[in-house]
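Working notes, structure below.
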There are 4 protein chains.
Amino acid sequence: MTKQLGIALMGTGRMAHVYGPKISAHPGLSLEVVYNPRRSSAETAAAQYGGRPVDDLDQMLADPRVDAVVIATPTDTHVDYILRVAQAGKPIYCEKPLDQTLARVDQALAALKETPVPFMLGFNRRFDPDNAALRAAVRAGEIGRVTMLMSWSREPAPPPIAYVRASGGYFVDATIHDIDLLCWIAGERPVEVQAAGSCMFDPEIGAEGDFDLTMTTLKMPSGALVHINNSRYCSYGFDQRLEALGDRGMLQTENHRDDPLVRWDGTRTVARAPLKHFFLERYDQSFYNALDEFHAAVTSGRAPSATAEDGRAALAIALACARSAKEGRAVAPDYG
Amino acid sequence: MTKQLGIALMGTGRMAHVYGPKISAHPGLSLEVVYNPRRSSAETAAAQYGGRPVDDLDQMLADPRVDAVVIATPTDTHVDYILRVAQAGKPIYCEKPLDQTLARVDQALAALKETPVPFMLGFNRRFDPDNAALRAAVRAGEIGRVTMLMSWSREPAPPPIAYVRASGGYFVDATIHDIDLLCWIAGERPVEVQAAGSCMFDPEIGAEGDFDLTMTTLKMPSGALVHINNSRYCSYGFDQRLEALGDRGMLQTENHRDDPLVRWDGTRTVARAPLKHFFLERYDQSFYNALDEFHAAVTSGRAPSATAEDGRAALAIALACARSAKEGRAVAPDYG
Amino acid sequence: MTKQLGIALMGTGRMAHVYGPKISAHPGLSLEVVYNPRRSSAETAAAQYGGRPVDDLDQMLADPRVDAVVIATPTDTHVDYILRVAQAGKPIYCEKPLDQTLARVDQALAALKETPVPFMLGFNRRFDPDNAALRAAVRAGEIGRVTMLMSWSREPAPPPIAYVRASGGYFVDATIHDIDLLCWIAGERPVEVQAAGSCMFDPEIGAEGDFDLTMTTLKMPSGALVHINNSRYCSYGFDQRLEALGDRGMLQTENHRDDPLVRWDGTRTVARAPLKHFFLERYDQSFYNALDEFHAAVTSGRAPSATAEDGRAALAIALACARSAKEGRAVAPDYG
Amino acid sequence: MTKQLGIALMGTGRMAHVYGPKISAHPGLSLEVVYNPRRSSAETAAAQYGGRPVDDLDQMLADPRVDAVVIATPTDTHVDYILRVAQAGKPIYCEKPLDQTLARVDQALAALKETPVPFMLGFNRRFDPDNAALRAAVRAGEIGRVTMLMSWSREPAPPPIAYVRASGGYFVDATIHDIDLLCWIAGERPVEVQAAGSCMFDPEIGAEGDFDLTMTTLKMPSGALVHINNSRYCSYGFDQRLEALGDRGMLQTENHRDDPLVRWDGTRTVARAPLKHFFLERYDQSFYNALDEFHAAVTSGRAPSATAEDGRAALAIALACARSAKEGRAVAPDYG
């Protein structure tokens, strides 16, 4: 019924742990290969999710059972792998971001232009049912013309400093999610951004010249204004909310919780269960839905809905935010 | 602007403590006399709220500055005082209930028929703005024909056993509030009641043959069904809610809290402030509004909206509930 | 990984339409046979969900690929089929109710005692994640000792009168769900019930001596009181709520909606999406979860968690409610 | 009990209509004089709220029954009247803003330094019970160290263009409220601001070089970040919300509605009553409470809590926002 797609999963780290079980669970995908240049890592992961362990890229690309590739390797390897897989003519699902620099991203875009294969970037939050419902309502005209969009993304705790150092900075690492989501909902991209950041939780982050607390404003061509706030620390869990204001109404999404019960007790009434802890718990379904979109697009011959160009634009905006926060002025993103 | 009404407040106990300050605060009422047969009590109370202390009933009734009387004495003295004040021709506001027996209530009704004075019974919950808004919406036809009504009334902690012994039983003491409120909203009175009770909190209450936990069903002439649940103990405070179902929609009131903030913290998110502790806090405004209704009715010459007949009917229903709970059968209230 | 269980689905009506697709979707179940004595109905259904159409019961029972049977036929055939399938030694999942009479149910219980096969009754609401979360919290002691339980079950519109006539009456047809759910949560069964009913929506239902509006009170051995309200009509959709009060707190479940957005507009703010229309939409997941419980129990050799005895008890309570509503007195259920 | 303060109310326009009835209703204030240089206006207003009509400033200031003055005249007259009243040695309550220019404000500050009289600026939103509860919880340390503050202020409809022209611009006219409120909650003032504006509702406003839609970011000395969004149009009413994030939790206030009922109906369930229409309705209580603070401060001899310096600071920040929005760069407020 659902056309089967043989998948090679590249990478065996945190994001590969997210995709591995979801590929196995999807009725239209079959996990054929788990790739890591280090054979022992490939073997461990293959034992967990299924698939054959492979440490040789050429062998993986030559395998006729591999119909498509999911790239979940470290960010700085994405572009190289994209070049290789595109040359082999296989459809690509690549975890975001494409890269931390526009120059490298442009290399990937050029390669995909030269040897076009179906390509999808893993902006998984678009595939969260709540976010998608909000966008659908906006697109259906429920709130009329959009005038303000807002996004909250506050994380339960700062990542290790090694992660921060390799992350490209808070805007490129995290705000980029909100940027892509809000541009996708708005149907337009900012002409100018303003951003402010500070460091209030982890002095090590500040010592790197990075922020753990930011506020961002995007000015859209239509006149709509967009606000994003990000925090590397949030005592009550992973706070993820959207608000969309239009001239006919307003829409909001709400946080997800460990259970749906309303609790009344002696101290704080009404009380609710804690928020879903972090992105693995909160966006669990969205990763599955993103793979489902990839499957549906590839098997039906249409282009996947989150493109490499979307990735380039989001990166350009995030880099403009970082510059705005450093230089204290409005910055126009470099859309190339 | 607001016509001034000189008030004699009878009683210096818990309910008099509720009314005293509210009479003083009302711009159309002036507290002239505080009455208690024990002079020292009258003096203490008068020092608190204002007014002259009086221990002689004839003197109080003869005082030309007393235009109306608020009876807030022990329940078993209500009828006797009503007879005396009615004979003196002064308007009466009497704290509920009229009495715990239909025979005594009928005596008061007869006296009020013989020497008619404006009379209002202190069913204060009718004058709570939330309850009144729900009734107004029902009466405006917002939910169409009423089919179900529900009331929650759960108290923070059982009263002292001495109070319970003198209370006339849980149905007559407490359920009577819900009964009056729901009949007033429905615009009709039950043809039959069913009630069940148990004792789960205070064995002393059970030893008196009384209940600290009850559920009551009223069958209305229209076919509408009414549910009331009462508990003498509630760990999260004074739980007071209404629900009205009709064939075009449903309405609910919500509990009141110590402050309106929405709180998010590390354990239970979202959380709210504690409920208002008990009836003095939750219905503070309703007592004032009830006095305001009394003032408005007396000064304008119309009948107050909560009548002695309403009090008799509510008592008849409460007594029917008590009998139903004891005898395990549906009981028709004795409406006389 | 998940042990495969070959299933014969008996019946091709409304409930079979619920189970057919879910059996097909479950990775541990394989739909082998669709049975209906009318061959054309079996063929139509098999074409929809998969499986082979069979019109001969002996053939179905002899089929070695049939490891277990799901009975989703008209209620009055349940017991006969149970007898036949039990004799054939196959595990049974039977849609509720077992039957409308205690005598017939006792026949089924006797047969299951004589030829014991794994048996599960389809009380699907136990397997709804929200209801299960509430029970789990109660069982974990979150609210201490349970003192009150409440259930709302209001349906969007009355069924056709033919359905009503065959239903065994509103208590046996519908209230039985709430009864089973609340007894399962409470961990005890009532010693006495009181019920009241009226007919306000469909005079044809009243002409049958049945109700379209009921309120039920159950008295539990522990002293806990239980309230259930049912309505055959509800203008705002399928209203399904639970409330559990204990001496340490209170828990509530909330209704499910078509989407999770919070909407603000010019007339009614805040507004929410409509409720899930009816049981197919609201309890979609619970039917799947019930089959999953059946699969897990049968393949692991433990008894399924919703038993035939549970079905008998719920029927005895529902019949007692019906009698109480007719006779206007408290009735003790006949637990046999 | 409450010391009586004779009040001269200056002005008979929109804001005087707000203060007049509240002065009359306050038990510690007595409205002695209503001042307007146009005698007929003074007479009309005096007939409405009480007090004697006066059109001569010297006569008003010489009146021994005038203990204090409430200035509710057009903004561009505030400073001149402050100079005159201060010279006369009378306590002043002045509606915000002091003036639209820092130079004129500094004149008033100098005069108040030379002839010190008790002075209070009408930042009424500080005296809203919800806003005050949020600040109290913040100050009590409930959320630990403050890291983010957010304010929503969206108005139901744009004012007439004549009002806009005289308003000093959207930041000075409206954002100034949010600025004062958030600085008061934070206990600090921004070192730098970023603002963005656009015009999406009323082209006439854009033609004036003004905005009807703005987003503002304040950078606080502590590192905390502050977001304010303002809209001159809001289809669902007067949207007024606050959010405070700290390292131990988060607090929110909610909008106020016409009634507290929860409504369930056939289209949008749950639904709530419309929001309070505009500031007169939403902040009705806060104006009264502000006068109460003025009364309490003046009669007890302590300084009122909203000072002329607060007004100067808020204006400096609002002017910096306006410049930031025009010039596309971060701007440091001129605190003098």
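What number of residues in the range B:36-55 are of a type in the set (S, T, Y) and either buried (at least 17 other Cβ atoms within 10 Å of the Cβ) or within 25 Å of the chain's Cα centre (by Cα) (or both)?
First, pick out the residues of the range B:36-55 that are of a type in the set (S, T, Y): B:40-41, B:44, B:49.
From what's left, either buried (at least 17 other Cβ atoms within 10 Å of the Cβ) or within 25 Å of the chain's Cα centre (by Cα) (or both): B:41, B:49.
Within the range B:36-55, residues that are of a type in the set (S, T, Y) and either buried (at least 17 other Cβ atoms within 10 Å of the Cβ) or within 25 Å of the chain's Cα centre (by Cα) (or both) number 2.
To keep it simple, each residue is scored yes or no on (1) within 15 Å of the chain's Cα centre (by Cα); (2) aliphatic (A, V, I, L, M); (3) more than 19 Å from C:T101 (Cα to Cα).
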position: C:F278; (1), (2), (3): yes, no, yes
position: C:Q285; (1), (2), (3): yes, no, yes
position: C:N289; (1), (2), (3): yes, no, yes
position: C:T299; (1), (2), (3): no, no, yes
position: C:S305; (1), (2), (3): yes, no, yes
position: C:A308; (1), (2), (3): yes, yes, no
position: C:R323; (1), (2), (3): no, no, no
position: C:P333; (1), (2), (3): no, no, no
position: C:G336; (1), (2), (3): no, no, no
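Looking at B:A325, B:A290, B:A296, can you tell me which residue is in a helix (DSSP H, G or I) and farther than 30 Å from B:Q4 by Cβ?
Working: B:A290 fails: farther than 30 Å from B:Q4 by Cβ; B:A296 fails: farther than 30 Å from B:Q4 by Cβ.
Just one listed residue meets the conditions, B:A325.
In the range B:191-206, what count of residues is obtained for those that are within 10 Å of another protein chain (Cβ to nearest Cβ) and of a type outside the set (G, A, S)?
Quick first cut of the range B:191-206, residues within 10 Å of another protein chain (Cβ to nearest Cβ) only: B:192-201, B:206.
From what's left, of a type outside the set (G, A, S): B:192-194, B:199-201.
Counting residues in the range B:191-206 that are within 10 Å of another protein chain (Cβ to nearest Cβ) and of a type outside the set (G, A, S) gives 6.
Answer yes or no as to whether C:G209 is more than 14 Å from chain D (Cβ to nearest Cβ) and in contact with an Asp or Glu (Cβ under 7 Å, 6 or more places away or on another chain). First the steps, then the outcome.
Working: more than 14 Å from chain D (Cβ to nearest Cβ): yes; in contact with an Asp or Glu (Cβ under 7 Å, 6 or more places away or on another chain): no.
In short, no.
Please work out if A:T253 is out of contact with any Leu (no Cβ under 6 Å at 6 or more places or on another chain), assigned by TED's automatic domain parsing to the domain that holds A:G169, polar (S, T, N, Q) and more than 24 Å from A:R14 (Cα to Cα). Even if it seems obvious, please write down each step before you answer.
Numbers: out of contact with any Leu (no Cβ under 6 Å at 6 or more places or on another chain): no; assigned by TED's automatic domain parsing to the domain that holds A:G169: yes; polar (S, T, N, Q): yes; more than 24 Å from A:R14 (Cα to Cα): yes.
So A:T253 does not fit the description; no.
Among the residues of the range C:35-63, which ones are free of Cβ contacts under 8 Å to residues at least 12 places away in the same chain and acidic (D, E)?
Hits for the range C:35-63 are C:E43, C:D56, C:D58.
Tell me, please, whether a residue that is assigned to a strand (DSSP E or B) and either touching a helix residue (DSSP H, G or I) at 6+ places or on another chain (Cβ under 6 Å) or away from every other protein chain (no Cβ under 11 Å) (or both) can be found in the range B:251-270.
Going through the range B:251-270, the residues assigned to a strand (DSSP E or B) turn out to be B:251-252, B:257, B:262-264.
If we keep only those that are either touching a helix residue (DSSP H, G or I) at 6+ places or on another chain (Cβ under 6 Å) or away from every other protein chain (no Cβ under 11 Å) (or both) as well, we get B:251.
The answer is yes; a qualifying residue exists.
Within the range B:95-115, can one find any residue that is modelled with pLDDT of 95 or more, under 30 Å from C:L149 (Cα atoms) and hydroxyl-bearing (S, T, Y)?
no
For the range B:167-199, give me each residue that is surrounded by fewer than 24 Cβ atoms within 10 Å (Cβ to Cβ), more than 19 Å from the chain's Cα centre (by Cα) and either closer than 16 Å to B:M150 by Cα or touching a residue at least 24 places away in the same chain (Cβ under 8 Å) (or both).
B:V191, B:E192
For B:S151, indicate whether it is under 25 Å from A:W264 (Cα atoms) and either out of contact with any Lys or Arg (no Cβ under 6 Å at 6 or more places or on another chain) or within 12 Å of another protein chain (Cβ to nearest Cβ) (or both). Reasoning before the result, please.
Numbers: under 25 Å from A:W264 (Cα atoms): yes; either out of contact with any Lys or Arg (no Cβ under 6 Å at 6 or more places or on another chain) or within 12 Å of another protein chain (Cβ to nearest Cβ) (or both): yes.
Against the criterion (under 25 Å from A:W264 (Cα atoms) and either out of contact with any Lys or Arg (no Cβ under 6 Å at 6 or more places or on another chain) or within 12 Å of another protein chain (Cβ to nearest Cβ) (or both)), B:S151 qualifies.
Within the range D:209-234, which residues are of a type in the set (S, T, Y) and surrounded by fewer than 22 Cβ atoms within 10 Å (Cβ to Cβ)? If you could, list the steps in order and put the result at the bottom.
Filtering the range D:209-234 for residues of a type in the set (S, T, Y) gives D:214, D:216-217, D:222, D:231, D:233.
Scanning the range D:209-234 gives D:S222, D:Y233.
Taking the residues in the range D:231-245 that are under 19 Å from A:L251 (Cβ atoms) and assigned to a strand (DSSP E or B) as candidates, determine which candidate is farthest from the other protein chains (Cβ to nearest Cβ). Show your work before the answer.
In the first step, residues of the range D:231-245 are kept if they are under 19 Å from A:L251 (Cβ atoms); the result is D:231, D:233-241, D:243.
Filter once more, keeping what is assigned to a strand (DSSP E or B): D:231, D:239-241, D:243.
Values: D:S231: 7, D:D239: 8, D:Q240: 12, D:R241: 10, D:E243: 9 Å.
Looking at residues that are under 19 Å from A:L251 (Cβ atoms) and assigned to a strand (DSSP E or B), I get D:Q240.
What pairs can you find where one residue is in the range A:64-92 and in contact (Cβ under 8 Å) with a residue 24 or more places away in the chain and in a loop (DSSP other than H, G, I, E, B), the other is of a type in the set (D, E, K, R) and crowded, with 22+ Cβ neighbours inside 10 Å, and their Cβ atoms are less than 9 Å apart, with a gap of 6+ or different chains?
Partner pairs satisfying both residue conditions: A:R65/A:E32; A:V66/A:E32; A:D67/A:E32; A:A72/A:E95; A:T73/A:E95.
If you go through the range B:94-106 one residue at a time, do you hit one that is buried (at least 18 other Cβ atoms within 10 Å of the Cβ), farther than 23 Å from B:E281 by Cβ, of a type outside the set (G, A, S) and in contact with a Phe, Trp or Tyr (Cβ under 6 Å, 6 or more places away or on another chain)?
no
Go through A:R282, A:R263, A:R272 for me and flag whichever is touching a His at 6+ places or on another chain (Cβ under 7 Å) and at pLDDT below 95.
Numbers: A:R263 fails: touching a His at 6+ places or on another chain (Cβ under 7 Å); A:R272 fails: touching a His at 6+ places or on another chain (Cβ under 7 Å).
On inspection, the qualifying residue turns out to be A:R282.
When you check C:A25 against the structure, is it among the hydrophobic types (A, V, I, L, M, F, W, C) and within 29 Å of C:Q285 (Cα to Cα), yes or no?
Numbers: among the hydrophobic types (A, V, I, L, M, F, W, C): yes; within 29 Å of C:Q285 (Cα to Cα): yes.
Spelling it out, C:A25 is indeed among the hydrophobic types (A, V, I, L, M, F, W, C) and within 29 Å of C:Q285 (Cα to Cα).
Checking A:D58 against (1) more than 16 Å from A:G311 (Cα to Cα); (2) of a type outside the set (S, T, N, Q); (3) touching a helix residue (DSSP H, G or I) at 6+ places or on another chain (Cβ under 6 Å): exactly one of these is not met. Which one?
Looking at each condition in turn, A:D58 falls short on (3).
How many residues, within the range D:297-332, are in contact (Cβ under 8 Å) with a residue 12 or more places away in the chain and away from every other protein chain (no Cβ under 14 Å)?
Qualifying residue count, the range D:297-332: 21.
Test of understanding: among C:A137, C:A157, C:A108, which residue is touching a Leu at 6+ places or on another chain (Cβ under 8 Å), touching a residue at least 24 places away in the same chain (Cβ under 8 Å) and more than 13 Å from chain A (Cβ to nearest Cβ)? Full working, then the answer.
Details: C:A137 fails: more than 13 Å from chain A (Cβ to nearest Cβ); C:A157 fails: touching a Leu at 6+ places or on another chain (Cβ under 8 Å).
That would be C:A108, the only listed residue that is touching a Leu at 6+ places or on another chain (Cβ under 8 Å), touching a residue at least 24 places away in the same chain (Cβ under 8 Å) and more than 13 Å from chain A (Cβ to nearest Cβ).
Taking the range C:130-144, which residues are over 18 Å from A:R257 (Cα atoms) and within 25 Å of the chain's Cα centre (by Cα)? Quick ask: steps written out before the conclusion?
Let us first name the residues in the range C:130-144 that are over 18 Å from A:R257 (Cα atoms), namely C:138-141, C:143-144.
Within the range C:130-144, C:V138, C:R139, C:A140 qualify.
Do the conditions hold for A:L121, that is, is it within 18 Å of the chain's Cα centre (by Cα) and within 14 Å of chain C (Cβ to nearest Cβ)?
Values: within 18 Å of the chain's Cα centre (by Cα): yes; within 14 Å of chain C (Cβ to nearest Cβ): no.
So A:L121 fails the test.
Name the residues in the range B:278-315 that are surrounded by fewer than 20 Cβ atoms within 10 Å (Cβ to Cβ), touching a Pro at 6+ places or on another chain (Cβ under 7 Å) and more than 30 Å from B:R257 (Cβ to Cβ), would you?
B:A297, B:A303 - these are the residues of the range B:278-315 that are surrounded by fewer than 20 Cβ atoms within 10 Å (Cβ to Cβ), touching a Pro at 6+ places or on another chain (Cβ under 7 Å) and more than 30 Å from B:R257 (Cβ to Cβ).
Could you tell me whether A:R282 is in contact with a Phe, Trp or Tyr (Cβ under 7 Å, 6 or more places away or on another chain) and under 25 Å from D:R145 (Cβ atoms)?
Working: in contact with a Phe, Trp or Tyr (Cβ under 7 Å, 6 or more places away or on another chain): yes; under 25 Å from D:R145 (Cβ atoms): no.
No.
Residue-by-condition table, conditions (1) farther than 30 Å from C:Y236 by Cα; (2) not small (G, A, S):
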{"site": "B:G144", "(1), (2)": "no, no"}
{"site": "B:M148", "(1), (2)": "no, yes"}
{"site": "B:E155", "(1), (2)": "yes, yes"}
{"site": "B:I179", "(1), (2)": "no, yes"}
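Report whether or not A:G223 is in a strand (DSSP E or B) and either in contact with a helix residue (DSSP H, G or I) (Cβ under 6 Å, 6 or more places away or on another chain) or at the interface with another protein chain (Cβ under 7 Å from one of its Cβ atoms) (or both).
Values: in a strand (DSSP E or B): no; either in contact with a helix residue (DSSP H, G or I) (Cβ under 6 Å, 6 or more places away or on another chain) or at the interface with another protein chain (Cβ under 7 Å from one of its Cβ atoms) (or both): yes.
So A:G223 fails the test.
The values are calculated or read from the model by the stated rules, or taken from the named source; none is laboratory data. Values in this document were obtained by computation on a predicted structure and should not be read as measured data. Every residue, glycine among them, receives a Cβ derived from its backbone with ideal geometry; neighbour counts consider all protein chains shown.
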